[in-house]
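This report concerns only the one structure given below.
What follows is calculated from the coordinates using simple rules that are stated; it is not laboratory data. Bear in mind the structure is a predicted one, so any value in this text is a computation, not a measurement. We place every Cβ from the backbone using ideal geometry, glycine too, and count neighbours over all the protein chains shown.
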Amino acid sequence: MKTTLTPVATHCPYCSLQCGITLQAEPPADEDLLERPVVTLAAQEDFPTNRGGLCAKGWTAADLLHHPERLTEPLVRDRGEELRPATWDEALDRIAAAFLDAQSRYGRNGVGLFGGGSLTNEKAYQFGKFARVTLRTAMIDYNGRFCMSSAANAATRAFGIDRGLPFPLSDLAEADAVMLVGSNLADTMPPAVQFLEAARSRGARHIVIDPRVTATARRAHLHLQPVPGTDLALANGMMNVAVREGLINTEYINDRTTGFEAVRRVVRTYWPDRVERITGVPEGDLVRTVRILAGAKRAMILTARGAEQHASGSDTALSYINLALALGLPGCPASGYGTITGQGNGQGGREHGQKADQLPGYRRLDDPLARAHVARVWGINPDDLPRTGLSAYELLDALGTPDGVRALWVMGSNVVVSAPRATHVTRRLEALDFLLVSDFFLSETAALADVVLPSTQWAEEDGTMTNLEGRVILRKAALPPPSGVRSDLWVMRELAARLGRPPLSDVPHEIFEELRRASAGGKADYAGISYERIEAEGGVFWPCPSKGHPGTPRLFTVDFPTPGRLARFHPVEQQGPAETPDKDYPYYLSTGRLLRHYQSGTQTRRVKALNESEPEAVVEMHDTLANRIGVETGDLVRLSTRRGTAVMRVRSGCSIRPDTVFASFHYGGMGAVNQLTNPVLDPNSGMPEFKACAVALDRVELQEDPIMVTARRRGANRAR
Ligand code: SF4
């Protein structure tokens, strides 16, 4: 029977902009010949974050749906053998037996779950419930810990709530000054640049802080290019200038905040000349920046991973929040502080229970009232809820150890490529008794698994996402999945039954209705949001505590959701990266994203147009540095840190500091930059220090086999 499919308004599967797209799937000409539907994709002209724009990833997203490498049946591994196809019954029986075995031998925490920031709200919620109710394990965390956790921690401490942008993205067009700290919007979210361009066209001024001369920095009025890991000193220096020049907003500080005096004392020592010595940013640029921000009628400070993915990332985010508060910005029209979320559901994925310390509605697992509320919704005794588990890297680091997780389920994450110190994480995965991976493709992590389950993709199932603005949107199924593919929700339902645990729904709409009740009264309150409202209104901003509530596009306009209704300053000091260059590892390595790839590249490396454009790992370096180590664009270079080595193609130019190299984290194998990164963690957030470590560089001479590389260490490497 032919399937008749009408155009469906839905959203891009990748980043947190969640651009609106329309999918039209034409039925195959002859289903008996197993032909595939032809899927065409268009940008929605009226969706507020993209307004007709898409980036190269969005335009090619339909290529993923019927990709020849798509997993379409479960795979299982017999001892010591290759993965082989299996029936769903065989795969599910194996998983249930492995989970029961691990828990009988090692206790409930012998089984762990690792989720992802791209899962729908329904999946993230159900994954958390599966951990706490079905398995009763404390061991659940997710890859968003590697993305948003520092900014989330800082915003919660300062404002009492964590919503990436506390205003609609379109407010950027109304701001007279915007400072972007460690964000390259032009490459990571091209459609969002239209709001900055609209502001510039009416005279707004933009400042970018980034060690690289990115596409975003090139468009800015002022580009500050600090040493990696010194953003906090820069913010404290700006605060020093603001205080000394009388540019702070005393009335706002008195009326709406608490704790300013402690910050004023701390920043006294951050004189611009001292800050210039720490950061490399000229004193004059520091002063100009503060005057631009303070002189603007409407100003915004936005941080992203460049500032946040450090061992002091939460303090760094706090330092920029301090500056925003001192200038009187949060809660004022087209003004404030925000953090730019990365993953597609980076916001919703951190609100509903797949974090080690969290219950749905952004409730804390260690809060007795929160435990009682969620336990009531789940029909269990609050005492039966597990306690707080380990953060993402801590969980991975302990895999297979006597006290660690022995059977792990990874859903929608590729930790072999995306976790810091990735070679070590791979060893830990290999030490497990049992590894289950749910994904669309055989990712590097799935290739290690004992069982691999093929999951439905974005266009094949209903589910809500929460974008970078806190707008809850609906991704609607536009076409059926390939036969043999199942939703992760269905898998959780089947496993709960096999494990003899309370039944779970696999209907997204039903799960969302339960999520609404579980989140009611929490910080991220979805009680008044429904699929019907989202469709009718084009998305609803949380908090939305009741059906009649309009949602909350702008936070903090009246007060802050802290106990005293005031925003809180936090005195923070520059600490710098845990590892700085020395004679053996003479340069900084920083990591980030490219325009044409997303996360670990599991999806985008399989899209022909994207992969042809950026087919291999590249290390970006300044011409001066390239000359010093004797390489030029196109050569291969070996990067070595105290954790491991990687080999990448050189791209040399003048768009990065001469003491720093940059590599993207989208590639596996020899080009996987996370073999090099430092897993030292932020004590407040559990964020690893992805953005700065010390690295040595050697030119590589390739022999016949590219694995057999010989490297020639140059004396210049040691003579920095
Ligand atoms: Fe998709 Fe993000 Fe590109 Fe929009 S900007 S098309 S959401 S990847």
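Here are some notes:
- Counting charges near Ala235 (Lys, Arg +1; Asp, Glu -1) among other residues having Cβ under 13 Å from its Cβ returns a value of -4.
- Using the Karplus relation 6.51 cos²θ - 1.76 cosθ + 1.60 with θ = phi - 60°, the per-residue 3J(HN,Hα) values for the range 466-483 come to 10, 7, 4, 8, x, 8, 8, 10, 10, 9, 9, 5, 10, 7, x, x, x, 5 Hz, with x marking Gly and Pro.
- Förster-model FRET efficiency, 41 Å R0, Arg268 and Arg202, C-beta, rounded to 0.05: 0.65
- Lys, Arg +1 and Asp, Glu -1 on Cβ, resulting dipole of the chain about Cα centre, debye, nearest 20: 1940 debye
- One chain, two ends: Glu261 and Thr580. Fully extended at 0.36 nm per residue, the span grows by 111.6 nm beyond their Cα-Cα distance.
- Helical mean residue ellipticity (222 nm; -39500 (n - 2.57) per DSSP H run of 4+; nearest 500) of the chain: -8000 deg cm²/dmol
- Förster-model FRET efficiency, 60 Å R0, Lys297 and Val507, C-beta, rounded to 0.05: 0.75
- Burial ordering of Ser487, Ser519, Ser149, Ser530, fewest other beta-carbon atoms within 10 Å first: Ser530, Ser487, Ser149, Ser519
- The alpha carbon radius of gyration of the chain, expressed as a multiple of 2.2 N^0.38 Å, is 0.92.
- Other residues within the sphere of radius under 12 Å centred on the Cβ of Gly521, judged by their own Cβ, net out at +3 (K and R +1, D and E -1).
- Of the trypsin sites (Lys or Arg not before Pro) in the range 605-683, those whose Cβ has at most 15 other Cβ within 10 Å and which sit in DSSP loop: Arg642
- Reach of Lys355 by Cα under 26 Å, taken over lysines that are not fewer than 8 positions away in the same chain: Lys123, Lys129, Lys476, Lys523, Lys691
- The fewest-to-most ranking of Thr156, Thr214 by surrounding Cβ atoms within 10 Å reads Thr156, Thr214.
- Shown is the FRET efficiency for Arg51 and Ala609, computed with R0 = 35 Å from the Cβ-Cβ distance and rounded to the nearest 0.05: 0.90.
- Going from the fewest other Cβ atoms within 10 Å to the most, the residues Lys57, Lys355, Lys583 appear in the order Lys583, Lys57, Lys355.
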